[in-house]
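Engineer: Dumping the structure here so I can ask a few things about it.
Every read-out reported here was derived from the displayed coordinates using simple, explicitly stated rules and does not represent laboratory data. These figures come from a predicted structure and were not determined experimentally. We place every Cβ from the backbone using ideal geometry, glycine too, and count neighbours over all the protein chains shown.
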């Protein structure tokens, strides 16, 4: 009976991790899209705010993800970090381009 309980607990844990990854990916995508919108409008502080939130969610999803999805989420995180770095320097156009690339990677990572 203890083995059955352990197996069930393990299966539930594995299923729940994919739910957390999807939740984090969804939130990351939402924030990354907002960063793009604000970047296109020239609102650097709001771009930075959303890019930082997207980066946190992307990294959280990446910890749980595996395979190709993890690779895309990691690439998305790199693009978001570059967007933050460029936005901090006042290069809103370049930062927006990196945020757009991050959106594509997060979308691709969410499909897997």
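Engineer: Would you mind computing Rg(Cα) / (2.2 N^0.38 Å) for segment 19-84, counting N as its residues?
Structural biologist: Segment 19-84 yields a ratio of 1.06.
Engineer: Using alpha carbon centroids, what distance separates segment 37-81 and segment 94-112, in Å?
Structural biologist: So the separation of the two Cα centres works out to 7 Å.
Engineer: Starting from the Cα-Cα distance between residue 63 and residue 88, subtract it from 0.36 nm times their residue separation and give me the gain in nm to one decimal. Write down the numbers at each step before the final one.
Structural biologist: On the way: separation 25, 0.36 × 25 = 9.00 nm, distance 2.62 nm.
So the chain would gain 6.4 nm between residue 63 and residue 88.
Engineer: Listed highest first by mean packing, meaning other Cβ atoms within 10 Å per residue, what order do 43-53, 88-98 come in?
Structural biologist: Numbers: 43-53: 19.3, 88-98: 16.9.
Going by the mean number of other Cβ atoms within 10 Å, highest first, we get 43-53, 88-98.
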